[in-house]
1. Within the range 89-201, which strands (runs of 3 or more DSSP E) (wholly inside it) include 1 or more residues that are under 24 Å from SER497 (Cβ atoms) and either away from the ligand (no atom under 14 Å from the Cβ) or not β-branched (Val, Ile, Thr) (or both)?
2. Could you tell me which of the residues ASP140, ASP129 is in contact (Cβ under 8 Å) with a residue 60 or more places away in the chain, among the acidic types (Asp, Glu), surrounded by fewer than 16 Cβ atoms within 10 Å (Cβ to Cβ) and assigned by TED's automatic domain parsing to the domain that holds LEU419?
3. Quick one: ILE476 ticks every box in (1) outside any helix (DSSP H, G or I); (2) at pLDDT below 95 except a single one, so which number is it?
4. Taking GLY31 as meeting all but one of (1) out of contact with any Ser or Thr (no Cβ under 6 Å at 6 or more places or on another chain); (2) under 30 Å from THR309 (Cα atoms), write down the number of the exception.
5. Taking the options ALA303, ALA275, ALA257, name whichever one is surrounded by 19 or more Cβ atoms within 10 Å (Cβ to Cβ), of a type outside the set (D, E, K, R) and under 30 Å from ILE388 (Cα atoms).
6. Quick one: which residue in THR291, THR250 is out of contact with any helix residue (DSSP H, G or I) (no Cβ under 8 Å at 6 or more places or on another chain), open to solvent by 10 Å² or more (accessible area, probe 1.4 Å), under 24 Å from GLU375 (Cβ atoms) and touching a residue at least 12 places away in the same chain (Cβ under 8 Å)?
7. Considering every residue within the range 224-231, establish whether at least one is under 27 Å from THR342 (Cβ atoms) and part of a strand (DSSP E or B).
8. For the range 268-298, enumerate the residues that are small (Gly, Ala, Ser) and over 21 Å from ARG382 (Cα atoms).
Amino acid sequence: MLKRVLIGLGAIFMVVVLIAGIILFRTFTFGGNVEVQTVELADVPDFNGEEIAKRLSTAIQIRTQTVSAGDPRPGQEGPWLEFREFMTSSYPELFNTAETNLIDDHTVLVRWAGRDETLDPILMMAHQDVVPVNMGTMDDWDASPFSGAIQDGYVYGRGTMDDKGSLVTILEAANALVASGYQPTRTIWMLFGHDEEVSGSGAQSAVDYFERENIRMEMVLDEGFFVIDPFPLTGSAVALIGIAEKGYVTIRVTARAAGGHSSIPPRNSAGVQLAKAILALDENQVEADFTKPPISQMLSAVAEDMPFTQRMAFANLWLFRGMVGGEFAKSGEANAIIRTTTAPTMMAGAVKENVLPQQATALINFRLHPNDSIESVLQHVRDVTSEIDGVTSDIAEASGIGSEASPVSPTSNRAYAVLASVAREASGGAPVAPALVLGATDSRWTTEISDSIYRFVPTVIPSSDVGGMHGTNERISIENLERMARGYAQIMVGMSSE
Ligand SMILES: [Zn+2]
């Protein structure tokens, strides 16, 4: 008997040792195989952050603010005209050399011709417009949001990060290169949309133009990510290069029931059924998946810098998937990275408080992870609510920008190697990780003209400053402006050298 118990314990012990061995082996080898290709970066002109700050300050003072699709309205084009005048007069070397075209009146398309017309060009993007400042938050700013104040080593104001900082430093880079006598081998296009924050129609029209002209891009670079310091998963700086962005769809959930007077309500009236459906969708989120790019690549890239327990969990998702998923789901941002998010936004029912609605509706806004499609999310909603009587779902023709998630761009090409090298230099050697952009950028229109679309700004942003984008105290440091101009110049030269 005792012998049998001992043999049994021995067997259990062996299994435990084996599992522990597998866990540890996977932990220590996790991410070790990630090798980011790098290139040698060329010399570029020196940039003076103080001078760039002055020009950015001027750009911030021009209120190219968009509120709804179709802006600027007739009679309100003044700021866009002024902004164009600012660009051409501030960067004369570039604008005297390159061709400029206007698309949809206000989107600016610049073509700096390369020496070799047989090579596919590259496209550098940024947008001219900015979001408004929320009513009642004006006084929370350390400097007035349209003052362009330069103080404590920062330029303050709406658009400093999103996205005039990029626009100005792309122009700084190109202008300095032209002034130094440089001409790219590959043609460089610059696209400055006028309405990214409301519809992106300008960038869309510009991409239509490229399609008509049969122009394909070797690389597209737009806003989206940067070096973030510290990165929540590792506690230190990580350079995030966006290789995909989420899609967008709004689904209308409708509950129908007999209406009538609210003095004799039945159980399960339309409002109640709708509430059940919303609750079911909240409790049954779209499945997360850590095993596919870009999330799988991001986790491997930062693995070596993770604390041991986190690294162990991510390396052994076969065992810890539920726990990791639960941890991610606790934070809104982390949850948004790993899955298609579910956000009930608008709800409607009866027109009067003593009338039972025959129909109650909710609009649910989903941000699509590359693993999901508009069709699969609609199916998910129907599956989850199939047991609730009277409930149907369809795609809402809302004003929003319905679009599938973008394709995932490669990390094995020269474009990624150049961006990774620039990111590494700009950050003083931080690990570089591919990432998923959660919002929509103008680059979403470019999937028909390029396979290599990246969303990265060569700048180091403290995590405490990230909230300034679309929020209060948006600002960019003078040190970062110098980094950005240098980084963009390195990218232009690095991509044009072959
Ligand atoms: Zn933006």
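1. In the range 89-201, 99-103, 107-112, 122-127, 188-193 are the strands (runs of 3 or more DSSP E) which contain 1 or more residues that are under 24 Å from SER497 (Cβ atoms) and either away from the ligand (no atom under 14 Å from the Cβ) or not β-branched (Val, Ile, Thr) (or both).
2. Result of the check over ASP140, ASP129: ASP140.
3. Failing condition for ILE476: (2).
4. (1)
5. None of the other options fit; the residue is ALA257.
6. Just a single option satisfies the conditions, and that option is THR250.
7. Within the range 224-231, one or more residues are under 27 Å from THR342 (Cβ atoms) and part of a strand (DSSP E or B).
8. Within the range 268-298, just SER296 meets the criteria.
The values are calculated or read from the model by the stated rules, or taken from the named source; none is laboratory data. The shown structure was predicted, so the numbers you read here are calculated from the model rather than taken from an experiment. Quick reminder, even Gly has a Cβ in these numbers, built from the backbone with ideal geometry, and neighbours come from all protein chains shown. SASA here: full protein model, heavy atoms, side chains in, ligands and nucleic acids out. Shrake-Rupley method; radii C 1.70, N 1.55, O 1.52, S 1.80 Å.
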